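The values are calculated or read from the model by the stated rules, or taken from the named source; none is laboratory data. What you see is a predicted model; the values in this text were computed from it and never measured. Every residue, glycine among them, receives a Cβ derived from its backbone with ideal geometry; neighbour counts consider all protein chains shown. Accessible surface is based on the protein model in full, side chains and every heavy atom, while ligands, DNA and RNA are left aside. Shrake-Rupley method; radii C 1.70, N 1.55, O 1.52, S 1.80 Å.
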Amino acid sequence: MRINKHPILGKLDRKEICITYNGSDYQAYEGETIAAALLANHIRVLRYSEKGKKPRGIYCGIGHCYECRVTVDDERSVRACVTVVQDKMKIRSQGMYANEI
Amino acid sequence: MPMKYDLVIIGAGPAGMGAAIIAASHGASVALVDENPVPGGKLRGQVYKEPKANWWIGQEIARNMEKEIKQLGVTCFLEREVWAIYPKWKIMLNNGEQLESDYVVLATGAIEKPIPIPGWTTPGVMAIGAAQVMANIHRVKPGNRVAIIGIDALSLTIAYDLKMAGVDVVGIYLPPFNEFSLDKSNPLKMIAYLSSLSHLAPNPILKLLGKLGKQASVQKLGVNYYPPFGMRVWGIPLHLRKAVVQILGDELVEAIKVTTIDRSGELETKQEKRIPVDCVCISGGLYPLVELANVAGCAFVYVEDLGGHIPLYSDEMETTQSGIFVAGNSTGVEGAKVAMAQGELVGAIISNRLGLLKHGTELIKQAKEKVNVARKNAVIKFHPTIESGREKVLHLWNEKAVK
Ligand SMILES: Cc1cc2nc3c(=O)[nH]c(=O)nc-3n(C[C@H](O)[C@H](O)[C@H](O)COP(=O)(O)OP(=O)(O)OC[C@H]3O[C@@H](n4cnc5c(N)ncnc54)[C@H](O)[C@@H]3O)c2cc1C
Ligand code: FES
């Protein structure tokens with residue numbers, strides 16, 4: 001999903017780091033958001049809704065709608081679309097279990 | 001302990017940064033707050049070709065402004081959200097920090113209106129602005145096969161951005177009629193609107209529409225004879241006679257269900273077609289983000305031409321709460337150049353109030369002129385009647401002042 005070459009913005013040249021999502025390792029680029037890093041790895045489902053446990057991903061992409069809430073290193077409900085990845089960051093989706101709020 | 005500044009600016013988009021640069025360059029101590037980790041606001045995602053000029057690459061412009069801000073010693077509070085403003089004036093940040101100033105600029109920008117459509121919460125559906133952020137800032141494709149719902153200046157610009165990024169854009173469609181889509185689902189209204197955007201879309205028929213489309217009879221003809229397979233802009237089919245009535249897929253988006261609209265605008269449910277896609281972008285238009293003005297007790301007015309509810313402001317961009325100023329899209333939805341010029345104007349006005357300017361009146365006059373020029377030459381107009389909206393606000397302000 002990466003746009004490595006772009007006619008106007010040029011070549012993509014960023015430093016690689018490693019993040020973990022739901023226990024698996026993924027490559028990410030320094031400076032990008034969690035949502036961008038996961039999408040680049042073909043991951044769109046970030047959590048399951050409280051009611052009905054339906055899958056949810058990003059919507060607004062700019063921090064307003066709170067659809068993209070994930071757990072980051074034990075902090076709940078961090079917005080994936082405005083939070084920048086850090087090396088070895090542990091990210092988990094929310095709402096996977098029946099008793100989870 | 002609150003930290004004191006001559007000026008606190010909320011929002012580090014082009015408006016907030018413009019204000020910060022001018023005020024700091026005249027010697028004011030300035031704090032600039034933004035919830036994002038990087039300054040730039042919506043400017044960072046913008047990439048488009050200016051007619052008879054170069055490419056507008058928002059990221060580069062934002063980076064240069066950021067450098068200037070740092071050189072001028074503006075204190076940046078990034079990754080902090082302002083959640084309250086108390087008299088007169090205490091600015092509360094979500095991490096517990098507190099700022100204090102006699103002057104505050106609200107430069108919080110605009111956000112997108114969503115249009116709910118069956119299936120719109122499925123992962124793979126996103127606002128058109130999210131696709132812009134992914135493709136232009138992070139350089140990640142929002143999808144491989146993308147459908148766009150909603151025709152406006154933003155969706156056309158971003159359709160082109162996606163095309164440049166190598167994304168297969170299968171088409172730009174209308175939303176079905178509901179209480180959120182309103183005019184956006186009406187082919188007649190959309191033809192009228194498109195005629196004001198024709199300079200953005202390099203298609204001879206659209207150009208012709210631009211010339212003729214202001215007449216109601218031509219608009220009607222346009223809808224009647226609009227090709228059922230759509231018209232191509234940059235190779236992307238632009239459909240005025242097709243609406244996406246449902247987004248299909250359980251865990252992920254798999255397809256859209258498209259229905260033809262008959263000449264009177266009714267859905268022809270017999271003519272449904274399933275088109276496979278992995279991403280759907282919804283464009284519902286923009287509205288000013290103004291909660292903080294409300295929190296601070298500013299009076300509001302509703303001006304359709306500016307994008308909806310906005311804090312009432314004077315010709316010096318001051319709200320009804322003295323010391324609280326507004327700049328950029330939180331006063332009405334326009335392009336980044338106008339926002340930047342508005343920010344610079346507010347920066348000059350506040351520097352003058354602080355007693356930092358020698359030729360204040362002259363500088364402010366020049367800054368006002370710059371806003372007008374930017375508005376006149378704007379490539380992307382979100383509201384074709386923006387100028388009359390601006391006049392309306394001044395009129396309302398003067399009426400209030402008389403009372
Ligand atoms: C999704 C989207 C796409 C756009 N694309 C284009 C385009 O392609 N071309 C174009 O000309 N115009 C575009 N625009 C219009 C755009 O708003 C203007 O071009 C310009 O960026 C407005 O500048 P601004 O400084 O007023 O606001 P913004 O650039 O929106 O900056 C506002 C800043 O305020 C911050 N903020 C808001 N509330 C708070 C708070 N409570 N606490 C802390 N920080 C806060 C935000 O994080 C943001 O960084 C777009 C707008 C949107 C919403
Ligand atoms: S996608 Fe809307 S807040 Fe993150």
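Just read off the accessible area of B:W56 with the full protein assembly in place, 1.4 Å probe, to the nearest 10 Å².
20
Name the residue from B:T385, B:G11, B:L43 whose Cα lies farthest towards the positive end of the charge dipole of the protein assembly as shown, charges +1 on Cβ of Lys and Arg and -1 on Cβ of Asp and Glu.
Of B:T385, B:G11, B:L43, it is B:T385.
Using protein chains only (no ligands, no nucleic acids) and a 1.4 Å probe, work out which residues of segment A:58-87 have their accessible area cut by at least 50 Å² relative to the chain alone.
A:I58, A:Y59, A:I62, A:H64, A:V82
Divide by every residue of the protein assembly as shown the summed helix terms, -39500 (n - 2.57) for each DSSP H run of at least 4, and state the resulting mean residue ellipticity at 222 nm, rounded to the nearest 500 deg cm²/dmol.
Value at 222 nm, helices only, nearest 500: -8000 deg cm²/dmol.
Measuring with a 1.4 Å probe in the full set of protein chains, what accessible area per residue, in whole Å², belongs to segment B:28-111?
Roughly 46 Å² per residue, with all protein chains present.
So if I restrict to the alpha-carbon atoms in chain B, what is the Rg, and what is Dmax, the biggest pairwise distance, in Å?
Computed over the Cα atoms of chain B, radius of gyration and Dmax are 22.2, 72 Å.
Over segment B:50-205, what is the relative contact order in whole percent, taking alpha-carbon pairs under 8 Å and six or more residues apart?
13
Expressed as an acute angle from 0 to 90° and rounded to the nearest 10, what is the orientation of the C-alpha long axis of helix B:360-376 relative to the principal long axis of chain B?
0
Rounded to the nearest 100 Å², what is the sum over both chains of accessible area buried where A meets B, with a probe of 1.4 Å?
3200
Could you grab the Rg to Rh ratio for the protein assembly as shown? Cα atoms only, Kirkwood for Rh.
0.97
Taking the Cα centre as origin and putting +1 on Lys and Arg beta-carbons and -1 on Asp and Glu beta-carbons, what dipole magnitude results for the protein assembly as shown, to the nearest 20 debye?
1360
Report, in degrees rounded to the nearest 10, the 0 to 90 angle that the Cα long axis of helix B:58-71 makes with the longest principal axis of chain B.
The angle comes out near 10 degrees.
Ignoring ligands, DNA and RNA, what percent of the 1.4 Å accessible area of segment A:15-97 is carbon and sulfur?
48
Where the convex hull is taken over the Cα atoms of segment B:87-155, what is its projected area averaged over directions, in nm²?
Over all viewing directions, segment B:87-155 projects a mean Cα-hull area of 7.9 nm².
Angle, helix B:153-164 long axis vs. longest principal axis of chain B, Cα atoms, 0 to 90°, nearest 10?
In chain B, helix B:153-164 runs at an angle near 70 degrees to the longest axis.
Please tell me the relative contact order of chain B in percent, rounded to the nearest whole number, where contacts are Cα pairs under 8 Å and at least six residues apart.
19
Can you send over the solvent-accessible area of A:I8, 1.4 Å probe, protein chains only, in Å² to the nearest 10?
Here the residue's solvent-accessible area equals roughly 50 Å².
When the C-alpha atoms of segment A:6-76 are aligned to their principal axes, what extent does each axis show, in angstrom, from largest down?
44, 26, 20
Over chain A, what relative contact order in percent results from Cα pairs under 8 Å that are six or more residues apart?
In percent, rounded to a whole number, it is 29.
Anything losing 20 Å² or more of accessible area from the isolated chain to the full protein assembly: pick those residues out of segment A:29-45, probe 1.4 Å, ligands and DNA/RNA ignored.
A:T33, A:A36, A:L39, A:R44, A:V45
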